[in-house]
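Enquirer: Structure provided below as structure tokens; questions to follow.
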Amino acid sequence: MPDWTQLRARAVERYEDGAARLPDDPDARQRQLTRLGNAAGAAGLAELMSGDAGSMWFARAAERYRQSWEHAPPESWGRPIGAIKARLLAGDQDGAVEEARWALDVGAAESESPIGRYAAALAYGVLGDWDEMRIHADYARTHESFPSAVADALASVAAEDVVGYVEAVEAVLESFETRNEYLEDMPVADTVLVLQALAARRGMAAKLESELLP
């Protein structure tokens with residue numbers, strides 16, 4: 001079993017070290033802010049896996065991702081996605097709504113990128129607009145470059161297809177369980193947790209067990 005206390009300490013150290021060295025150059029700054037978001041999210045996941053809420057670190061992650069957007073390259077949809085996911089992982093519904101509206105305000109629903117449409121699907125799921133969620137999830141899953149199981153899970157939530165959702169989210173979990181590398185070296189199926197949070201809003205969260213879940 002991972003030593004979550006040690007993993008949290010490493011993530012916090014990376015965050016604090018990066019925060020102390022924020023550059024003034026806009027491009028370098030946006031990249032550093034993204035790294036800070038990743039480190040803060042990792043600290044939150046470590047706390048979540050050890051039985052705490054991780055709320056403070058998830059909030060910091062969302063804030064850093066959002067701060068990084070101003071000077072980010074076009075189509076940097078990982079930032080809004082990261083912010084929405086962080087708020088959902090923290091169980092912060094009000095914060096998730098705010099991040100969802102921001103993602104749509106900056107054009108996620110108009111993007112031609114499947115990643116942008118993934119951001120839009122998440123956003124509409126948070127807002128409870130299931131028809132729009134399905135539209136953008138369907139767009140994402142027509143692209144070979146996007147993980148089909150993730151898009152299938154989102155589309156199934158939107159359609160209230162319980163069987164389809166269970167099959168898709170189990171496939172997403174399996175993809176985490178069979179990989180060798182994780183973001184920030186944090187062995188957690190965070191996408192599964194986000195999908196489960198959205199599914200729970202429709203009373204259709206799956207019963208899942210894994211060492212990669214709390």
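Enquirer: Keeping every protein chain present and rolling a 1.4 Å probe, give me the accessible area per residue for the chain in Å².
Expert: Numbers: 10300 Å² over 214 residues.
Value returned for the chain: 48 Å² of accessible area per residue.
Enquirer: Please work out how much accessible surface Ile81 shows to a 1.4 Å probe, ignoring ligands, DNA and RNA, in Å² rounded to 10.
Expert: Here the residue's solvent-accessible area equals roughly 20 Å².
Enquirer: If you don't mind, another one. What's the FRET efficiency of Asp129 with Asn180 using the Cβ-Cβ distance as r and R₀ = 45 Å, to the nearest 0.05?
Expert: Details: r = 37 Å, r/R0 = 0.82.
E(calc), rounded to 0.05, equals 0.75.
Enquirer: Could you order Arg10, Arg117 by accessible surface area, starting with the largest, using a probe radius of 1.4 Å? Intermediate results must be reported in sequence, preceding the final value.
Expert: Values: Arg10 120, Arg117 35 Å².
Output order, biggest surface exposure first: Arg10, Arg117.
Enquirer: If you don't mind, there's one more thing I want to ask. Classify the chain as rounded, prolate or oblate from the Cα gyration tensor: take a ≥ b ≥ c as the square roots of its eigenvalues, call it rounded if a/c is under 1.5, otherwise prolate when a/b beats b/c and oblate if not. Before the final figure, lay out the partial values.
Expert: On the way: a/c = 1.80, a/b = 1.20, b/c = 1.50.
Cα axes put the chain in the oblate bin.
Enquirer: Kindly identify the stretch 1-95 as rounded, prolate or oblate by the Cα gyration tensor criterion: order the square roots of the eigenvalues as a ≥ b ≥ c, call it rounded if a/c is under 1.5, otherwise compare a/b with b/c, prolate if a/b is larger, else oblate. Write down the numbers at each step before the final one.
Expert: Details: a/c = 2.52, a/b = 1.40, b/c = 1.80.
Oblate is the answer for the stretch 1-95, as a/c is 1.5 or above yet b/c matches or exceeds a/b.
Enquirer: Moving on to the next point. Which parts of the stretch 62-83 would a label at Glu110 reach, counting a residue when its backbone N lies under 14 Å from a point 7 Å out along Cα-to-Cβ?
Expert: What the label zone holds, given the 14 Å backbone N cut-off, is 75.
Enquirer: Quick check on the stretch 109-212: take the gyration tensor over C-alpha atoms, sort the square-rooted eigenvalues as a ≥ b ≥ c, and tell me if it's rounded (a/c under 1.5), prolate or oblate. Mind showing how you got there, number by number?
Expert: Working: a/c = 1.82, a/b = 1.26, b/c = 1.45.
Taking the square roots of the gyration eigenvalues as a ≥ b ≥ c, the stretch 109-212 is oblate.
Enquirer: Right, something else. Taking R0 as 25 Å, what FRET efficiency do you get between Ala171 and Asp52 from their Cβ-Cβ distance, rounded to the nearest 0.05?
Expert: On the way: r = 29 Å, r/R0 = 1.16.
It comes out at approximately 0.30.
Enquirer: Run the accessible area of the chain with a 1.4 Å probe and give the carbon-and-sulfur part as a rounded percent. The partial results should precede the final answer.
Expert: Numbers: 4650 of 10300 Å².
Ligands and nucleic acids excluded, carbon and sulfur reach 45 percent.
The values are calculated or read from the model by the stated rules, or taken from the named source; none is laboratory data. Predicted model, so just to flag it, every value in this text is computed and none were measured. Note: ideal-geometry Cβ built from the backbone for every residue, glycine included; neighbour counts use all protein chains shown. The area values use the complete protein model at the heavy-atom level, side chains included, leaving out ligands, DNA and RNA. Shrake-Rupley method; radii C 1.70, N 1.55, O 1.52, S 1.80 Å.
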